[in-house]
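Below you'll find the structure, written out as structure tokens, and then a few comments.
The values are calculated or read from the model by the stated rules, or taken from the named source; none is laboratory data. Since the structure is predicted, the reported quantities are computational estimates derived from the model, not experimental observations. Because the Cβ atoms are built from the backbone with ideal geometry, glycine has one as well, and the counts that use them run over all protein chains shown. We work out accessible area using only protein heavy atoms, side chains counted, and drop any ligands, DNA or RNA first. Shrake-Rupley method; radii C 1.70, N 1.55, O 1.52, S 1.80 Å.
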Amino acid sequence: MALKLQLLAVVVAVAASCRPGLADPAVSALPGLPVAGLAAGFYNESCPEVEDLVLAEMRAIVEKDRTLGPAMLRFMFHDCLVRGCDASIMLKSRSNKGEQDAIASYSLRGYDVVEQIKATVEAACPLTVSCADIIALAARDAVYLSNGPRYAVETGRRDGKVSAKFDADNDLPPPFSNIVDLKTYFSVKGLGWKDLVVLSGSHTIGSAECSTFASDRLYNFSGKGVQDPSLDKAYAAFLREACEPGLQNDTTTVAMDPSTPYEFDLSYYRHVLGDTGLLLSDQALMDDRWTREYVERMAAAASPDEFFADYAVAMTNMGRLEVLTGDSGEIRETCAAYVD
């Protein structure tokens, strides 16, 4: 596994360095090389209504529970960063050895949403649209329904048959990651620093449980029993009112972006710049020249247009990770299945 990751990192570095006009060899300024079998409008003939069906379902779901919009965006990250965008997160393990059993999947929501949308699509187009594509389309519509961009989504993915807890434990960056670790996690997947800082902007919507940040940010920074010195003191006092010290698995939720938690906008970057990023991994963006400069530019921007354009590119890049196309994988009638 380690050799595989090292080889992938080398291939990515070479490919990125060959792209013209990039100031840093690890940046993804434009979508990476196209993936054979993926295309916007892949289902135009076989299921032309699929995107409308997904949007209608997502609209009804979010109107009923707006927290499920950010949840579905997070769901795509958990799918794509582990074994690629193949819906392996939907697979179950009787022996508790699947991705769903990983620590990182502890508070993940959206399994029922995927199945609900899949059932609607199956009724219109039986055994045609993959669960992986439904996850990608639902994530895009979650952004759109939060007043973000409705970017084009490449489709044509097929669903994987393998799901391993080990992969999720090793491939998903923890919320306490520093900038070096974050860039390493992303580079191994073929994503650059710009993908990192742009995709981190997803935290402009949604919430996080106290268990994901309270110890590191509020009560035991670096194991020293103190507050993170980089955290704004007034914001820290607000967070301490929500999160009890020493309470493991604290499920109390706090908005990732306290200003506009359900608006896809630039306020996330303004919070990071103002030392009020919620997670250590958010604030870590200030510890690298390239990511810091992007945070500063977005925080000062009068319009979200640049961020929205960059976000479409970064989501396209992530959506191409290790996909199964053509005769690989399968199309399942339901997304959940047992792997053992």
> Helices from the chain with mean Kyte-Doolittle at least 1.0 and a Cα length along the axis of 15 Å or more, per DSSP H: which?
Replying inline: 2-17, 131-144
> Which order do His271, His203 take when ranked by solvent-accessible area (1.4 Å probe, heavy atoms of all protein chains), largest first?
Replying inline: His203, His271
> At a probe size of 1.4 Å, how large is the accessible area of Glu99, to the nearest 10 Å²?
Replying inline: 0
> Net charge near Asp340, counting Lys/Arg +1 and Asp/Glu -1 over other residues with Cβ under 12 Å of its Cβ?
Replying inline: +4
>> For the chain, what does the accessible surface come to per residue with a 1.4 Å probe? Please give it in Å².
In response: 45
> How much length is gained if the chain between Lys97 and Ala152 is pulled fully straight, taking 0.36 nm per residue apart and subtracting their Cα-Cα distance, in nm to one decimal?
Replying inline: 16.3 nm
> Ignoring ligands, DNA and RNA, how do Lys165, Lys224, Lys194 rank by accessible area with a 1.4 Å probe, largest first?
Replying inline: Lys224, Lys165, Lys194
> Between the DSSP loop rule and a limit of at most 10 other Cβ atoms within 10 Å, which trypsin sites (Lys or Arg not before Pro) in region 71-152 are left?
Replying inline: Arg94
> Glu333 accessible area, nearest 10 Å², 1.4 Å probe?
Replying inline: 130
> Could you state the principal axis extents of the C-alpha atoms in the chain, from the largest down, to the nearest angstrom?
Replying inline: 56, 45, 42
> When Lys and Arg each count +1 and Asp and Glu each count -1, what net charge do the other residues less than 12 Å away from Thr276, Cβ to Cβ, add up to?
Replying inline: -2
>> What figure, in Å² to the nearest 10, do you get for the accessible area of Val188 with a 1.4 Å probe and non-protein molecules left out?
In response: 30
> Percent relative contact order of the chain, based on C-alpha pairs within less than 8 angstrom and at least six residues apart?
Replying inline: 27
> Of Ser107, Pro149, Ala124, which is farthest on the positive side of the dipole of the chain, counting Cα position, with +1 on Lys and Arg Cβ, -1 on Asp and Glu Cβ, and the Cα centre as origin?
Replying inline: Ser107
>> As a test of reading the structure, rank Arg320, Arg297, Arg289 by solvent-accessible area (1.4 Å probe, protein chains only), most first.
In response: Arg289, Arg297, Arg320
> So what is the relative contact order of region 61-108, in percent, for Cα pairs below 8 Å that sit 6 or more residues apart?
Replying inline: 24
> In percent, what relative contact order does region 69-153 have, based on Cα pairs under 8 Å that are 6 or more apart in sequence?
Replying inline: 38
